[in-house]
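The values are calculated or read from the model by the stated rules, or taken from the named source; none is laboratory data. All values reported here derive from a predicted model rather than from experimental measurement. In this analysis, Cβ positions are derived from the backbone assuming ideal geometry, glycine residues included, and neighbour counts consider all displayed protein chains.
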Amino acid sequence: MEQWLVVVSEPVIVAIDFIALGTIVVGTAIALKDGIALLASHAIDRHERRRLWMRYSHWLVAGLTFQLAADIIESSITPDWDGIGRLAAVAVIRTFLNYFLERDVAEIRSLEREKSPP
């Protein structure tokens, strides 16, 4: 394998994983702050909880997408089949998580459209 590919890819993978971590941490902090504010307001509305979940799920989907990008780059420098197998398993899990999060978001959006007046 080309050594330059490994030298270039490894810091890029770390940087993308760091971006993913930052995205998820920021989204979680915002969701936590908004959730506490919602609880403190004593006006827990199902619609407001759904909106909170939608905002949080967008952050999670973004973080998972960054992690998947790092996995794809890492697969280009993984030298053995054992490493590729582990990487593939992680990528499949992240892809399924992303798919189901996106599906939940789409379902909530369609429910909100049906309930809202034209």
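Candidates in the stretch 1-24 are the residues that are polar (S, T, N, Q) and either at pLDDT below 95 or in contact with a strand residue (DSSP E or B) (Cβ under 7 Å, 6 or more places away or on another chain) (or both); of these, the one that is farthest from residue 64 (Cα to Cα) is 3. Taking the stated definitions as given, is residue 73 in a helix (DSSP H, G or I) and modelled with pLDDT under 85? No.
The criterion of being more than 18 Å from residue 25 (Cα to Cα), buried (at least 16 other Cβ atoms within 10 Å of the Cβ) and out of contact with any Cys (no Cβ under 8 Å at 6 or more places or on another chain) does not hold for residue 106.
Take the conditions of a type in the set (Gly, Ala, Ser) and either surrounded by 13 or more Cβ atoms within 10 Å (Cβ to Cβ) or at pLDDT 90 or above (or both) and apply them to residue 89. Does it pass? In short, no.
Restricting attention to the stretch 48-63, does a residue exist that is of a type in the set (Phe, Trp, Tyr) and under 23 Å from residue 89 (Cβ atoms)? No: the stretch 48-63 contains no residue that is of a type in the set (Phe, Trp, Tyr) and under 23 Å from residue 89 (Cβ atoms). Restricting the stretch 1-48 to residues that are free of Cβ contacts under 8 Å to residues at least 12 places away in the same chain and not in a helix (DSSP H, G or I) leaves a set whose member that is surrounded by the fewest Cβ atoms within 10 Å (Cβ to Cβ) is 42.
To keep it simple, each residue is scored yes or no on (1) farther than 30 Å from residue 38 by Cβ; (2) within 17 Å of the chain's Cα centre (by Cα).
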| site | (1), (2) |
| --- | --- |
| 59 | no, yes |
| 65 | no, yes |
| 69 | yes, yes |
| 72 | yes, yes |
| 75 | yes, no |
| 79 | yes, no |
| 84 | yes, no |
| 92 | yes, yes |
| 95 | yes, yes |
